[in-house]
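Here is the structure we will look at.
The values are calculated or read from the model by the stated rules, or taken from the named source; none is laboratory data. In this text the structure is predicted, and so the values were computed from the model without any measurement. Note: ideal-geometry Cβ built from the backbone for every residue, glycine included; neighbour counts use all protein chains shown. All accessible areas refer to the heavy atoms of the entire protein, side chains included, with ligands and DNA or RNA removed. Shrake-Rupley method; radii C 1.70, N 1.55, O 1.52, S 1.80 Å.
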Amino acid sequence: MCDTCGCGQPNETVTIRKPGDKAEAVERSSHHHHHGDHAHSHDHGSEHQHGAEKGSRERILAVEKDVLSENNRLAERNRGFLEARQILALNLVSSPGSGKTTIVEETIRRLQNDLPVTVIEGDQQSMQDANRIDATGVPVVQVNTGTGCHLDAQMVYRALKSLDPPAHSLLIIENVGNLVCPALFDLGEAHKVVIISVTEGDDKPHKYPTMFAEADLCLINKTDLLPYVDFDLDRCQSFAREVNHRLNFLTLSARTGEGMDAWITWIREQVH
Amino acid sequence: MHEMSIALSICDLAAAEAHKAGGGRIKEVEVEIGTLAGVMVEALEFCFETAKRSTPLAEANLKIVTVPAAGHCHTCGARFAADHYLVTCPECHSFQVVIEQGKELRVKTISIE
């Protein structure tokens with residue numbers, strides 16, 4: 001992999017599998033990857049020619065299409081499928097280590113008796129998270145993005161085909177731990193939920209505004225650690241509101257269960 | 001590093017549009033990028049050089065047009081330039097500001113020879 005840009009993905013594959021499945025590589029079909037031996041020659045500008053030369057047969061095509069239009073088209077397809085089955089899909093985004101998986105486990109534990117739950121786990125590598133969810137007893141699919149830093153709509157489309165979530169259920173998509181890139185990629189979810197933990201610093205919304213601008217709800221996790229860290233809840237919320245005045249907040253500790261009831265109530269309100 | 005995904009998407013989209021228009025060598029792709037689109041232009045330019053190899057864009061130049069961000073105040077209705085998400089309204093100092101321009105990420109034109 002290219003150390004500078006991270007772009008070297010000569011055999012980029014995304015794997016989608018369930019706990020117990022053998023690893024099966026799934027090639028991404030929509031992208032061209034002809035990196036060959038990956039002998040880069042990144043000499044910018046040297047061969048660039050601007051503008052059409054006189055007498056050439058160069059013609060300009062007006063395209064006017066969103067760069068992510070293919071992702072967005074697939075996301076809308078996912079959204080249509082989910083809405084038709086009346087499935088509430090939540091896209092959980094955060095830095096690594098904010099406690100997403102523990103929140104998902106505790107959410108499942110509180111809901112699974114009266115609301116079917118399925119989970120799509122996104123990580124660069126490993127079945128760690130899928131195995132944790134599998135232990136709760138709900139269906140789960142792990143998407144390993146390889147070197148990719150985010151889930152995209154096509155990965156979720158493939159995961160949905162494998163998962164086949166039931167009607168009138170909750171689908172939790174746990175995105176790759178990354179507070180930057182997943183903000184740009186619509187997956188077809190009903191809501192993005194951004195999670196921040198009190199061990200991270202209350203200025204995160206100022207430092208990584210895009211994710212907070214895109215989210216509908218912010219969970220502030222690990223509140224049981226508040227006495228031990230310099231995290232100001234009010235300061236964090238006011239920073240986040242400066243970025244997105246529509247953002248709602250819930251504070252909780254997935255570990256102790258404090259505040260989990262309000263989160264479960266929020267989910268139930270979205271389902272109906 | 002989502003710039004690589006974006007560079008690949010630009011190549012896919014431009015190649016498909018050129019094919020629809022009868023093919024040919026793509027000389028330039030013009031892309032509009034808002035200042036709040038979440039894209040690092042230098043990283044995108046870097047990734048584009050790799051993404052375009054062995055595609056109809058192999059010889060193409062990437063032309064980036066920057067779209068400045070603009071906010072709209074929902075308290076007083078003012079419209080103004082915004083250089084980041086943390087904007088207060090310059091007229092009434094409200095935080096009830098919606099970014100209505102600056103998230104663009106769009107292939108505007110391609111030139112084919």
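Couple of notes before you dig in:
- The simple Förster model, with R0 at 25 Å and r as the Cβ-Cβ distance, assigns A:Thr147 and B:Met40 a FRET efficiency of 0.90.
- Beta bridges from DSSP with both residues in the protein assembly as shown: antiparallel share about 40 percent, rounded to the nearest 5.
- For chain B, convex hull volume per residue from C-alpha positions, Å³: 98
- Applying both filters, DSSP loop and at most 14 other Cβ atoms within 10 Å, to the GluC sites (Glu not before Pro) of segment B:1-63 gives B:Glu59.
- Per-residue average of Cβ from other chains inside 10 Å of B:50-60: 4
- Estimated [θ] at 222 nm from DSSP helical runs (n ≥ 4, -39500 (n - 2.57)) normalised by residues in chain B, nearest 500: -8500 deg cm²/dmol
- Alpha-carbon radius of gyration plus Dmax, which is the widest Cα pair, for the protein assembly as shown in Å: 22.1, 74
- Lysine pair count for chain B with Cα-Cα distance under 18 Å and sequence separation of 8 or more or different chains is 8.
- A straight Cα-to-Cα reach below 26 Å connects A:Lys22 with the lysines A:Lys100, A:Lys161, residues fewer than 8 places away in its own chain not being considered.
- Paramagnetic reach from A:Ser69 in segment B:20-44 [backbone N under 14 Å; point 7 Å along Cα→Cβ]: B:20-21, B:30-32
- Tail beyond 29 Å, pair distance distribution of segment A:69-271 (Cα, percent): 17
- With protein chains left intact and a 1.4 Å probe, residues in segment A:69-271 average 38 Å² of accessible area per residue.
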